[in-house]
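The values are calculated or read from the model by the stated rules, or taken from the named source; none is laboratory data. This is a predicted model, so every value here is computed, not measured. Note that we place each Cβ from the backbone using ideal geometry, even for glycine, and neighbour counts take in every protein chain shown. Note: accessible area is taken over every heavy atom of the protein model, side chains too, but ligands, DNA and RNA are not part of it. Shrake-Rupley method; radii C 1.70, N 1.55, O 1.52, S 1.80 Å.
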Amino acid sequence: MLKYVGLVLSGLTRKKLRTTLTFLSLAAAFTLLGLLQAVNSLFSGAADFLGANRLITQASTSFTQALPMRLMPQIEAVPGVTAVSHSQFFGGQYGEGRSFFPQFAVNPRRLRETYPEWVMPEDAWRNFTSTQDGAIAGRLLAEQNGWKVGDIIPLNSFIWTKADGSRLWEWRLVGIFDGKDAEWQKRANLMYLNYGQFDEGRVPGARGLAGVFVVQVADPGESERIASTIDAKFANSSEETKTQSEQEFQLGFIRQLGDIGLIVNLITGAVFFSILFLTGVAMSQAVRERIPELAVLKCLGFKDKQVMWLVLAESFALCLFGALAGMLTASVVMKGLPPEFPITANAFVWGVAGVSVLVLTVLVGLPPALTAQRLKIVDALAGRAGDSPLELALRKAIEWPAMGWRWVMGRPLRPAEADA
(Lines give C-alpha, C1' and ligand atoms only; values in the text may rest on other atoms or scores of the structure.)
Protein backbone atom coordinates (compact mmCIF):
# COMPACT_ATOMS: atom_id res chain seq x y z
CA MET A 1 0.00 0.00 0.00
CA LEU A 2 2.84 2.39 0.83
CA LYS A 3 4.31 2.01 -2.64
CA TYR A 4 1.04 3.20 -4.14
CA VAL A 5 0.96 6.21 -1.81
CA GLY A 6 4.45 7.10 -2.95
CA LEU A 7 3.45 6.83 -6.62
CA VAL A 8 0.38 9.02 -6.08
CA LEU A 9 2.37 11.69 -4.24
CA SER A 10 5.16 11.61 -6.81
CA GLY A 11 2.58 12.19 -9.54
CA LEU A 12 1.18 15.19 -7.69
CA THR A 13 4.59 16.73 -7.03
CA ARG A 14 5.92 16.21 -10.55
CA LYS A 15 4.80 19.71 -11.55
CA LYS A 16 4.80 21.56 -8.24
CA LEU A 17 3.61 24.93 -9.56
CA ARG A 18 0.65 23.46 -11.45
CA THR A 19 -0.35 21.29 -8.50
CA THR A 20 -0.06 24.24 -6.10
CA LEU A 21 -2.22 26.50 -8.27
CA THR A 22 -4.82 23.77 -8.75
CA PHE A 23 -4.82 23.07 -5.01
CA LEU A 24 -5.31 26.76 -4.19
CA SER A 25 -8.14 26.99 -6.70
CA LEU A 26 -9.85 23.97 -5.15
CA ALA A 27 -9.35 25.37 -1.65
CA ALA A 28 -10.88 28.70 -2.66
CA ALA A 29 -13.81 26.96 -4.35
CA PHE A 30 -14.53 24.76 -1.32
CA THR A 31 -14.20 27.74 1.02
CA LEU A 32 -16.93 29.47 -0.93
CA LEU A 33 -18.97 26.25 -1.11
CA GLY A 34 -18.71 25.79 2.67
CA LEU A 35 -19.80 29.35 3.42
CA LEU A 36 -22.67 29.29 0.94
CA GLN A 37 -24.00 25.93 2.07
CA ALA A 38 -23.76 27.04 5.71
CA VAL A 39 -25.95 30.03 4.83
CA ASN A 40 -28.33 27.71 2.96
CA SER A 41 -28.48 25.36 5.95
CA LEU A 42 -29.16 28.28 8.31
CA PHE A 43 -32.10 29.56 6.29
CA SER A 44 -33.46 26.07 5.62
CA GLY A 45 -33.48 25.21 9.31
CA ALA A 46 -34.18 28.68 10.66
CA ALA A 47 -37.67 27.74 11.85
CA ASP A 48 -37.13 24.09 12.79
CA PHE A 49 -36.60 24.87 16.47
CA LEU A 50 -39.82 26.86 16.90
CA GLY A 51 -42.69 25.52 18.95
CA ALA A 52 -45.25 23.39 17.15
CA ASN A 53 -48.06 24.70 19.39
CA ARG A 54 -47.99 28.29 18.12
CA LEU A 55 -49.79 29.92 15.21
CA ILE A 56 -49.29 33.38 13.72
CA THR A 57 -52.29 35.42 12.57
CA GLN A 58 -51.46 38.21 10.13
CA ALA A 59 -53.34 40.31 7.61
CA SER A 60 -54.26 38.24 4.56
CA THR A 61 -52.48 40.61 2.18
CA SER A 62 -49.13 40.95 3.96
CA PHE A 63 -47.57 40.72 7.40
CA THR A 64 -46.58 44.40 7.01
CA GLN A 65 -50.25 45.45 7.20
CA ALA A 66 -51.33 46.04 10.81
CA LEU A 67 -54.42 44.51 12.41
CA PRO A 68 -56.69 46.24 14.97
CA MET A 69 -56.27 45.13 18.58
CA ARG A 70 -60.01 44.46 18.87
CA LEU A 71 -59.52 41.18 16.98
CA MET A 72 -57.63 39.64 19.90
CA PRO A 73 -60.65 38.77 22.13
CA GLN A 74 -62.34 37.07 19.20
CA ILE A 75 -59.25 34.96 18.57
CA GLU A 76 -59.03 34.06 22.26
CA ALA A 77 -62.62 32.78 22.13
CA VAL A 78 -61.81 30.11 19.52
CA PRO A 79 -61.97 26.62 21.09
CA GLY A 80 -58.52 25.12 21.55
CA VAL A 81 -56.71 28.46 21.97
CA THR A 82 -54.96 28.75 25.35
CA ALA A 83 -53.24 32.15 25.02
CA VAL A 84 -52.86 35.03 22.56
CA SER A 85 -50.22 37.75 22.41
CA HIS A 86 -49.52 40.50 19.93
CA SER A 87 -46.25 41.67 18.44
CA GLN A 88 -45.24 44.70 16.39
CA PHE A 89 -41.92 44.93 14.58
CA PHE A 90 -40.18 48.14 15.73
CA GLY A 91 -37.28 48.53 13.29
CA GLY A 92 -34.86 50.59 15.37
CA GLN A 93 -31.20 51.33 14.77
CA TYR A 94 -28.74 51.61 17.65
CA GLY A 95 -25.61 53.70 18.09
CA GLU A 96 -23.54 55.78 15.74
CA GLY A 97 -22.82 52.79 13.54
CA ARG A 98 -26.58 52.29 13.16
CA SER A 99 -26.34 48.62 14.09
CA PHE A 100 -29.57 46.72 13.66
CA PHE A 101 -31.09 43.80 15.56
CA PRO A 102 -34.68 42.52 15.80
CA GLN A 103 -36.97 44.43 18.20
CA PHE A 104 -40.66 43.81 18.86
CA ALA A 105 -43.18 45.81 20.88
CA VAL A 106 -45.17 43.35 23.01
CA ASN A 107 -47.38 43.01 26.02
CA PRO A 108 -44.99 41.64 28.70
CA ARG A 109 -47.52 39.37 30.42
CA ARG A 110 -48.80 37.90 27.17
CA LEU A 111 -45.26 37.43 25.85
CA ARG A 112 -44.42 35.30 28.87
CA GLU A 113 -47.53 33.18 28.37
CA THR A 114 -46.94 32.46 24.69
CA TYR A 115 -43.13 32.15 24.80
CA PRO A 116 -42.26 30.13 27.91
CA GLU A 117 -38.96 29.24 26.19
CA TRP A 118 -37.56 32.64 27.31
CA VAL A 119 -36.36 32.54 30.92
CA MET A 120 -35.64 35.53 33.16
CA PRO A 121 -35.69 36.29 36.92
CA GLU A 122 -39.13 36.92 38.38
CA ASP A 123 -38.35 40.48 39.45
CA ALA A 124 -37.23 41.31 35.89
CA TRP A 125 -40.58 40.09 34.53
CA ARG A 126 -42.40 42.27 37.08
CA ASN A 127 -40.29 45.31 36.19
CA PHE A 128 -40.92 44.74 32.48
CA THR A 129 -44.66 44.66 33.12
CA SER A 130 -44.74 47.76 35.33
CA THR A 131 -42.23 49.95 33.48
CA GLN A 132 -43.94 51.87 30.67
CA ASP A 133 -40.67 52.47 28.80
CA GLY A 134 -39.17 49.13 29.80
CA ALA A 135 -37.29 46.76 27.51
CA ILE A 136 -35.62 43.38 27.87
CA ALA A 137 -32.71 42.10 25.77
CA GLY A 138 -31.41 38.64 24.98
CA ARG A 139 -28.20 37.60 26.67
CA LEU A 140 -26.20 37.47 23.43
CA LEU A 141 -27.38 40.94 22.43
CA ALA A 142 -26.61 42.40 25.86
CA GLU A 143 -23.13 40.89 25.91
CA GLN A 144 -22.41 42.11 22.40
CA ASN A 145 -23.27 45.72 23.29
CA GLY A 146 -22.07 45.71 26.89
CA TRP A 147 -25.53 46.48 28.27
CA LYS A 148 -26.55 46.06 31.91
CA VAL A 149 -29.86 46.44 33.69
CA GLY A 150 -30.73 50.11 34.18
CA ASP A 151 -29.11 51.36 30.93
CA ILE A 152 -31.06 53.75 28.71
CA ILE A 153 -30.99 52.45 25.14
CA PRO A 154 -31.83 54.92 22.34
CA LEU A 155 -33.29 53.42 19.17
CA ASN A 156 -33.88 55.39 16.00
CA SER A 157 -36.86 53.73 14.29
CA PHE A 158 -36.98 53.84 10.51
CA ILE A 159 -40.66 52.82 10.65
CA TRP A 160 -42.39 54.54 13.56
CA THR A 161 -42.62 58.28 14.18
CA LYS A 162 -43.45 59.69 17.61
CA ALA A 163 -46.30 62.12 18.10
CA ASP A 164 -43.79 65.01 18.35
CA GLY A 165 -42.31 64.10 14.93
CA SER A 166 -39.14 62.51 16.29
CA ARG A 167 -37.99 58.99 15.41
CA LEU A 168 -35.71 58.62 18.43
CA TRP A 169 -37.15 56.40 21.16
CA GLU A 170 -35.47 55.77 24.52
CA TRP A 171 -35.95 52.48 26.38
CA ARG A 172 -34.91 51.49 29.90
CA LEU A 173 -33.34 48.02 30.10
CA VAL A 174 -35.08 46.23 32.98
CA GLY A 175 -34.03 42.64 32.31
CA ILE A 176 -31.84 40.26 30.34
CA PHE A 177 -33.41 36.98 29.24
CA ASP A 178 -31.98 33.73 27.92
CA GLY A 179 -33.24 30.55 26.28
CA LYS A 180 -34.41 27.50 28.19
CA ASP A 181 -31.95 25.24 26.31
CA ALA A 182 -28.93 25.44 24.02
CA GLU A 183 -31.04 25.82 20.88
CA TRP A 184 -33.00 28.77 22.22
CA GLN A 185 -29.91 30.30 23.84
CA LYS A 186 -28.38 30.67 20.38
CA ARG A 187 -31.38 32.83 19.41
CA ALA A 188 -31.14 35.19 22.39
CA ASN A 189 -30.03 38.09 20.20
CA LEU A 190 -33.26 40.13 20.01
CA MET A 191 -35.07 42.74 22.10
CA TYR A 192 -38.63 43.15 23.38
CA LEU A 193 -40.15 46.56 24.10
CA ASN A 194 -43.10 47.39 26.35
CA TYR A 195 -46.08 48.04 24.08
CA GLY A 196 -47.33 50.70 26.52
CA GLN A 197 -44.84 53.45 25.64
CA PHE A 198 -44.77 52.38 22.02
CA ASP A 199 -48.53 52.69 21.50
CA GLU A 200 -48.86 55.87 23.55
CA GLY A 201 -45.89 57.57 21.93
CA ARG A 202 -46.64 57.01 18.23
CA VAL A 203 -48.84 59.20 16.07
CA PRO A 204 -52.58 58.92 16.91
CA GLY A 205 -53.53 57.33 13.57
CA ALA A 206 -51.29 54.31 14.26
CA ARG A 207 -52.43 53.58 17.82
CA GLY A 208 -54.39 50.48 18.75
CA LEU A 209 -52.82 48.35 16.02
CA ALA A 210 -50.78 45.16 16.17
CA GLY A 211 -48.49 43.65 13.58
CA VAL A 212 -49.37 40.00 14.18
CA PHE A 213 -51.12 37.89 16.82
CA VAL A 214 -49.29 34.91 18.32
CA VAL A 215 -51.79 32.13 19.09
CA GLN A 216 -50.91 29.30 21.46
CA VAL A 217 -52.97 26.12 21.05
CA ALA A 218 -53.52 23.28 23.48
CA ASP A 219 -53.16 20.49 20.92
CA PRO A 220 -50.76 20.94 17.95
CA GLY A 221 -52.80 18.34 16.08
CA GLU A 222 -55.73 20.80 16.07
CA SER A 223 -53.65 23.66 14.62
CA GLU A 224 -55.06 23.38 11.12
CA ARG A 225 -58.67 23.43 12.36
CA ILE A 226 -58.00 26.36 14.68
CA ALA A 227 -56.27 28.33 11.91
CA SER A 228 -59.24 27.78 9.59
CA THR A 229 -61.68 28.84 12.33
CA ILE A 230 -59.78 32.05 13.02
CA ASP A 231 -59.63 33.01 9.34
CA ALA A 232 -63.32 32.16 8.87
CA LYS A 233 -64.23 34.63 11.63
CA PHE A 234 -62.83 37.54 9.64
CA ALA A 235 -63.57 36.37 6.10
CA ASN A 236 -65.22 38.91 3.78
CA SER A 237 -64.37 41.75 6.18
CA SER A 238 -61.96 44.64 6.00
CA GLU A 239 -59.64 42.73 8.37
CA GLU A 240 -59.27 39.39 6.61
CA THR A 241 -56.56 37.27 8.20
CA LYS A 242 -54.14 34.52 7.30
CA THR A 243 -53.23 32.11 10.09
CA GLN A 244 -50.36 29.67 9.75
CA SER A 245 -47.84 27.83 11.87
CA GLU A 246 -44.96 29.78 13.34
CA GLN A 247 -42.51 27.81 11.19
CA GLU A 248 -44.35 28.71 7.99
CA PHE A 249 -44.56 32.36 9.02
CA GLN A 250 -40.82 32.58 9.70
CA LEU A 251 -39.96 30.91 6.40
CA GLY A 252 -42.33 33.28 4.61
CA PHE A 253 -40.58 36.21 6.25
CA ILE A 254 -37.20 34.90 5.09
CA ARG A 255 -38.48 34.41 1.55
CA GLN A 256 -39.25 38.11 1.35
CA LEU A 257 -35.52 38.46 0.72
CA GLY A 258 -35.80 36.07 -2.23
CA ASP A 259 -35.37 32.34 -2.68
CA ILE A 260 -32.15 32.07 -0.69
CA GLY A 261 -31.74 28.36 -1.37
CA LEU A 262 -32.02 28.79 -5.14
CA ILE A 263 -29.58 31.73 -5.19
CA VAL A 264 -27.02 29.86 -3.08
CA ASN A 265 -27.30 26.68 -5.17
CA LEU A 266 -26.91 28.60 -8.44
CA ILE A 267 -23.73 30.28 -7.19
CA THR A 268 -22.43 26.95 -5.89
CA GLY A 269 -23.18 25.32 -9.25
CA ALA A 270 -21.29 28.04 -11.12
CA VAL A 271 -18.26 27.63 -8.84
CA PHE A 272 -18.36 23.85 -9.17
CA PHE A 273 -18.64 24.06 -12.97
CA SER A 274 -15.64 26.39 -13.18
CA ILE A 275 -13.46 24.28 -10.91
CA LEU A 276 -14.46 21.18 -12.87
CA PHE A 277 -12.91 22.54 -16.06
CA LEU A 278 -9.82 23.86 -14.29
CA THR A 279 -9.06 20.63 -12.44
CA GLY A 280 -10.02 18.48 -15.43
CA VAL A 281 -7.57 20.22 -17.74
CA ALA A 282 -4.82 20.02 -15.10
CA MET A 283 -5.33 16.27 -14.61
CA SER A 284 -5.54 15.54 -18.33
CA GLN A 285 -2.32 17.47 -18.94
CA ALA A 286 -0.57 15.70 -16.05
CA VAL A 287 -1.47 12.24 -17.40
CA ARG A 288 -0.60 13.22 -20.97
CA GLU A 289 2.89 14.26 -19.87
CA ARG A 290 3.41 10.99 -17.99
CA ILE A 291 2.30 8.57 -20.71
CA PRO A 292 5.81 7.08 -21.14
CA GLU A 293 6.07 6.68 -17.35
CA LEU A 294 2.73 4.89 -17.22
CA ALA A 295 3.93 2.58 -20.00
CA VAL A 296 7.03 1.79 -17.94
CA LEU A 297 4.78 0.88 -14.98
CA LYS A 298 2.96 -1.59 -17.21
CA CYS A 299 6.31 -2.99 -18.33
CA LEU A 300 7.19 -3.55 -14.67
CA GLY A 301 4.06 -5.63 -14.15
CA PHE A 302 1.35 -3.16 -13.19
CA LYS A 303 -1.98 -4.23 -14.59
CA ASP A 304 -4.24 -1.94 -16.61
CA LYS A 305 -6.72 -1.53 -13.75
CA GLN A 306 -3.94 -0.77 -11.28
CA VAL A 307 -2.73 2.09 -13.48
CA MET A 308 -6.28 3.35 -13.84
CA TRP A 309 -6.80 3.35 -10.06
CA LEU A 310 -3.50 5.15 -9.55
CA VAL A 311 -4.69 8.02 -11.75
CA LEU A 312 -8.06 8.09 -10.00
CA ALA A 313 -6.33 8.09 -6.60
CA GLU A 314 -4.24 11.03 -7.70
CA SER A 315 -7.37 12.97 -8.66
CA PHE A 316 -9.06 12.01 -5.39
CA ALA A 317 -6.07 13.07 -3.30
CA LEU A 318 -5.89 16.46 -5.02
CA CYS A 319 -9.63 17.09 -4.62
CA LEU A 320 -9.65 15.82 -1.03
CA PHE A 321 -6.73 17.97 0.14
CA GLY A 322 -8.20 21.02 -1.59
CA ALA A 323 -11.62 20.37 -0.05
CA LEU A 324 -10.20 19.92 3.46
CA ALA A 325 -8.18 23.12 3.20
CA GLY A 326 -11.21 25.01 1.89
CA MET A 327 -13.64 23.68 4.49
CA LEU A 328 -11.23 24.35 7.35
CA THR A 329 -10.76 27.90 6.07
CA ALA A 330 -14.53 28.31 5.87
CA SER A 331 -14.88 27.05 9.46
CA VAL A 332 -12.32 29.58 10.68
CA VAL A 333 -14.12 32.37 8.84
CA MET A 334 -17.47 31.34 10.34
CA LYS A 335 -16.05 31.39 13.87
CA GLY A 336 -14.77 34.91 13.28
CA LEU A 337 -18.18 36.25 12.26
CA PRO A 338 -20.19 38.35 14.76
CA PRO A 339 -23.02 36.68 16.73
CA GLU A 340 -25.71 38.08 14.45
CA PHE A 341 -24.41 35.75 11.71
CA PRO A 342 -24.73 32.34 13.43
CA ILE A 343 -23.63 30.16 10.52
CA THR A 344 -21.66 26.99 11.23
CA ALA A 345 -20.28 24.11 9.20
CA ASN A 346 -22.69 21.44 10.43
CA ALA A 347 -22.98 17.83 9.28
CA PHE A 348 -25.09 18.87 6.27
CA VAL A 349 -22.40 21.26 5.03
CA TRP A 350 -19.62 18.68 5.43
CA GLY A 351 -21.83 16.12 3.71
CA VAL A 352 -22.27 18.41 0.70
CA ALA A 353 -18.50 18.92 0.58
CA GLY A 354 -17.88 15.15 0.75
CA VAL A 355 -20.30 14.39 -2.07
CA SER A 356 -18.74 17.20 -4.11
CA VAL A 357 -15.29 15.65 -3.68
CA LEU A 358 -16.50 12.27 -4.95
CA VAL A 359 -18.38 13.76 -7.92
CA LEU A 360 -15.46 15.99 -8.82
CA THR A 361 -13.03 13.07 -8.59
CA VAL A 362 -15.09 10.99 -11.00
CA LEU A 363 -15.65 13.82 -13.47
CA VAL A 364 -12.05 15.03 -13.63
CA GLY A 365 -10.24 11.76 -12.96
CA LEU A 366 -12.17 9.17 -14.93
CA PRO A 367 -11.34 10.38 -18.49
CA PRO A 368 -7.54 10.39 -17.99
CA ALA A 369 -7.80 7.19 -15.92
CA LEU A 370 -9.54 5.39 -18.78
CA THR A 371 -6.88 6.68 -21.15
CA ALA A 372 -4.20 5.26 -18.85
CA GLN A 373 -6.03 1.93 -18.64
CA ARG A 374 -6.28 1.54 -22.44
CA LEU A 375 -2.68 2.61 -22.95
CA LYS A 376 -0.67 0.24 -25.14
CA ILE A 377 2.97 -0.03 -24.17
CA VAL A 378 4.36 0.04 -27.72
CA ASP A 379 2.28 3.07 -28.76
CA ALA A 380 3.08 4.94 -25.55
CA LEU A 381 6.83 4.48 -25.81
CA ALA A 382 6.69 5.40 -29.51
CA GLY A 383 4.75 8.60 -28.72
CA ARG A 384 1.59 7.50 -30.53
CA ALA A 385 -0.82 7.42 -27.55
CA GLY A 386 -3.84 9.66 -28.06
CA ASP A 387 -6.48 11.25 -25.90
CA SER A 388 -9.79 9.64 -25.10
CA PRO A 389 -12.95 11.13 -26.65
CA LEU A 390 -13.87 12.66 -23.30
CA GLU A 391 -10.49 14.33 -22.99
CA LEU A 392 -10.70 15.63 -26.54
CA ALA A 393 -14.13 17.12 -25.81
CA LEU A 394 -12.79 18.76 -22.66
CA ARG A 395 -9.82 20.23 -24.50
CA LYS A 396 -12.03 21.60 -27.26
CA ALA A 397 -14.34 23.22 -24.72
CA ILE A 398 -11.35 25.04 -23.26
CA GLU A 399 -9.61 25.85 -26.55
CA TRP A 400 -12.55 27.08 -28.62
CA PRO A 401 -13.02 30.38 -26.73
CA ALA A 402 -9.31 31.12 -27.09
CA MET A 403 -9.38 30.27 -30.80
CA GLY A 404 -12.37 32.52 -31.35
CA TRP A 405 -10.70 35.37 -29.50
CA ARG A 406 -7.62 35.16 -31.67
CA TRP A 407 -9.84 35.25 -34.75
CA VAL A 408 -11.63 38.36 -33.48
CA MET A 409 -8.29 40.07 -32.87
CA GLY A 410 -7.65 39.89 -36.61
CA ARG A 411 -5.46 36.85 -36.86
CA PRO A 412 -7.46 33.87 -38.21
CA LEU A 413 -6.13 30.51 -37.15
CA ARG A 414 -4.28 28.45 -39.65
CA PRO A 415 -5.47 24.84 -40.13
CA ALA A 416 -2.41 23.52 -38.33
CA GLU A 417 -3.19 25.73 -35.32
CA ALA A 418 -6.85 24.73 -35.26
CA ASP A 419 -5.88 21.04 -35.12
CA ALA A 420 -3.24 21.58 -32.43
Hey, does the range 202-210 have a residue that's of a type in the set (D, E, K, R) and either open to solvent by less than 40 Å² (accessible area, probe 1.4 Å) or at pLDDT below 90 (or both)?
yes
Report yes if some residue within the range 35-49 is at pLDDT 85 or above, of a type outside the set (D, E, K, R) and in a loop (DSSP other than H, G, I, E, B); otherwise report no.
no
Residue pairs, Cβ under 7 Å, 6 or more apart or interchain, first in the range 13-35 and polar (S, T, N, Q), second open to solvent by 40 Å² or more (accessible area, probe 1.4 Å). List them.
T19/T13; T22/L278; S25/L278; T31/T329
Of the residues I153, I159, only one is without any contact (Cβ under 8 Å) to a residue 60 or more places away in the chain, among the aliphatic types (A, V, I, L, M) and either surrounded by 15 or more Cβ atoms within 10 Å (Cβ to Cβ) or out of contact with any Pro (no Cβ under 6 Å at 6 or more places or on another chain) (or both); which?
I153
Return the pair list, or none, for Cβ contacts closer than 7 Å from residues in the range 219-240 that are in contact (Cβ under 8 Å) with a residue 60 or more places away in the chain to residues that are open to solvent by 40 Å² or more (accessible area, probe 1.4 Å) and aliphatic (A, V, I, L, M), at least 6 apart or on different chains.
P220/A52
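Residues are listed down the side, and each one gets a yes or a no for (1) open to solvent by less than 30 Å² (accessible area, probe 1.4 Å); (2) closer than 17 Å to Q132 by Cβ:
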{"site": "K148", "(1), (2)": "no, no"}
{"site": "S166", "(1), (2)": "no, no"}
{"site": "W169", "(1), (2)": "yes, yes"}
{"site": "V174", "(1), (2)": "yes, yes"}
{"site": "D181", "(1), (2)": "no, no"}
{"site": "A188", "(1), (2)": "yes, no"}
{"site": "M191", "(1), (2)": "yes, yes"}
Residue among S62, S166, S99, S85 that is in contact with a Leu (Cβ under 7 Å, 6 or more places away or on another chain) and among the polar types (S, T, N, Q):
S85
Does the range 65-83 include one or more residues that are open to solvent by 20 Å² or more (accessible area, probe 1.4 Å), within 30 Å of G221 (Cα to Cα), in contact (Cβ under 8 Å) with a residue 60 or more places away in the chain and within 32 Å of the chain's Cα centre (by Cα)?
yes
Out of the range 119-146, which residues are surrounded by fewer than 21 Cβ atoms within 10 Å (Cβ to Cβ), over 28 Å from the mean Cα position of the chain (by Cα) and in a helix (DSSP H, G or I)?
E122, D123, A124, W125, R126, N127, T129, S130
Could you identify the single residue in G301, G280, G326 that is over 17 Å from S10 (Cα atoms) and outside any helix (DSSP H, G or I)?
G301
When the range 334-355 is examined, which residues are found to be at pLDDT 85 or above and open to solvent by 60 Å² or more (accessible area, probe 1.4 Å)?
W350, V355
Note: among L26, L21, L32, just one is surrounded by 21 or more Cβ atoms within 10 Å (Cβ to Cβ), in contact with a helix residue (DSSP H, G or I) (Cβ under 9 Å, 6 or more places away or on another chain) and modelled with pLDDT of 80 or more, namely L26
